[in-house]
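Here is the structure we will look at, set down as C-alpha cells.
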Amino acid sequence: MTQTQWILACNTTDIPENGGACVKINDEQIAVFNFTRRGEWYATQNLCPHKQQMALSRGMIGSAGDACEPKVACPFHKKTFSLLTGECLSGDECAIKTYPVKVLDGEVWLGV
C-alpha cells in the first residue's frame, strides 16, 4: 500500500468558481476544480484520454443522473467523466485518474 503525499498545488483564489485550472505537479498536469455550487473540490488528470489532449481543466462541470454525480465534460469531445471515480460516463471504456483534495487556510493540497 502506498502512502499519500500531500503537495501544495495553489491558492483557492487561483481556481475560478464553478470552474477549473491546470497545475503542474512534478511532470504531470492536474486539473483542479472548484465546484462552488456543491461546496466541493476535485482533481483529475488534465489529459483527456479520447484524443490525448490536455483539456479537462477547461471543461464544463456539472452533475449527472439521479444520483447527481459530479462530472466534467471535455471541452473538445464532450466526453464526460466522474469527478469522484474517473469513470467515463459517456459509455466509453476509457477512464481518468482522480486525486484527493484538501483545502486548508486558503490553500489547495493534492494527494499524490
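Return the single residue from D66, D92, D14 with maximal mean-square fluctuation; model: Gaussian network over the chain, springs between Cα atoms under 10 Å.
For the chain, modelled as a Gaussian network with Cα springs under 10 Å, the answer is D66.
How compact and how long is the range 6-107, expressed as Rg and Dmax of its alpha-carbon atoms in Å?
12.7, 39
Lysines within cross-link reach of K102: Cα-Cα under 25 Å, excluding same-chain residues under 8 positions apart?
Partners found: K24, K71.
Kindly state, to the nearest 0.05, the FRET efficiency for C10 paired with E93, given R0 = 22 Å and r defined as their beta-carbon distance.
About 0.10, to the nearest 0.05.
Values quoted throughout were computed directly from the atomic coordinates according to the rules given, and no laboratory measurement underlies them. None of the values given here were measured: they were computed from a predicted structure. In this analysis, Cβ positions are derived from the backbone assuming ideal geometry, glycine residues included, and neighbour counts consider all displayed protein chains.
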